[in-house]
Amino acid sequence: MKVTMATGNKNTDSFLPLAGLARDGWSNDKEATSTCLCGTVQLAFPTESHSVLNRFICHCADCRKISSSMFCSAFMVNTTDVRFIRGKETLRSFSHHQTTVSGNTMSNHFCITCGVLMYRVSSGFPAALLLRLGPVDDFRLAETKLKPEMEVFTGTRVAWLPPVEGAAQFDRI
């Protein structure tokens, strides 16, 4: 089976590979989309540096478990700066505080159809969304505007994963 690109290629400003069932993801100088695997949920978020509050990789136990991986990559934006294009009503949330180091309640918002975690909200920062980098449609943004600027909980980073070059390293936050 041959996988083709939805639009663009890796040598252009945008790189939107076929990475889900929806084929309408986009990005421009000010905004980009994030879409779940099945395409039911899509949102637009700001990409300008003054609108992206934080870009990070987290190695904490909670992020490992919720992401089904050894770390998570995420970025923070103000809730008021995010627009839902479709599917907000199909998101389901699961909230907990038992495994967060801060003790803050984390509300995790998933697509009910495909299960993709689109974002988290911390009770410690209720006006911000912690968007996941994985569902961002333009893969180039992970290497440019959304490239992690710091890694947190590095004390529990797996030994086979080196630090991100140029990213600040913190054992905690």
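Throughout, read-outs are computed from the coordinates displayed, never taken from laboratory work. The structure displayed is predicted, hence computed values, not measured ones. As a convention, Cβ positions derive from the backbone with ideal geometry for all residues, glycine included, and neighbour counts pool all protein chains shown.
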Inset, instruction - Report the residue, chosen from 54, 28, 108, that carries the largest GNM mean-square fluctuation when the chain is represented by alpha-carbon nodes joined by springs under 10 Å. - result: 28
Legend entry - Theoretical FRET efficiency, 1/(1+(r/R0)^6), r = Cβ-Cβ of residue 161 and residue 101, R0 30 Å, to 0.05: 0.95
Legend entry - Eligible aspartates and glutamates near residue 147 by straight Cα distance, threshold 16 Å, same-chain separation 8 or greater: 13, 29, 31, 48, 137, 138, 165
Inset, instruction - Starting from the Cα of residue 171, step 7 Å along the direction of its Cβ; do the same at residue 51; then give the gap between the two resulting points in nm. - result: 3.8
Inset, instruction - List, largest first, the extents of the alpha carbons of the chain along their principal axes, each in whole Å. - result: 40, 37, 37
Inset, instruction - Determine the relative contact order of region 125-173: mean sequence separation of Cα pairs under 8 Å and six or more apart, normalised by residue count, in whole percent. - result: 33
Legend entry - Solution diffusion estimate, µm²/s, Stokes-Einstein, region 120-173, Kirkwood Rh from C-alpha pairs, 20 °C, viscosity 1.002 mPa s: 164
Legend entry - Within region 129-167, GluC sites (Glu not before Pro) in DSSP loop having at most 15 other beta-carbon neighbours inside 10 Å: 149, 165
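Sum -39500 (n - 2.57) across every DSSP H segment of at least 4 residues in the chain, then divide by the residue count to get the 222 nm mean residue ellipticity, nearest 500.
Calculated mean residue ellipticity at 222 nm is -1000 deg cm²/dmol.
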Inset, instruction - Only Cα pairs under 8 Å and at least 6 apart count here; give the relative contact order of the chain as a rounded whole percent. - result: 24
Legend entry - Relative contact order (%) - criterion: Cα under 8 Å, at least six apart; region: region 60-107: 27
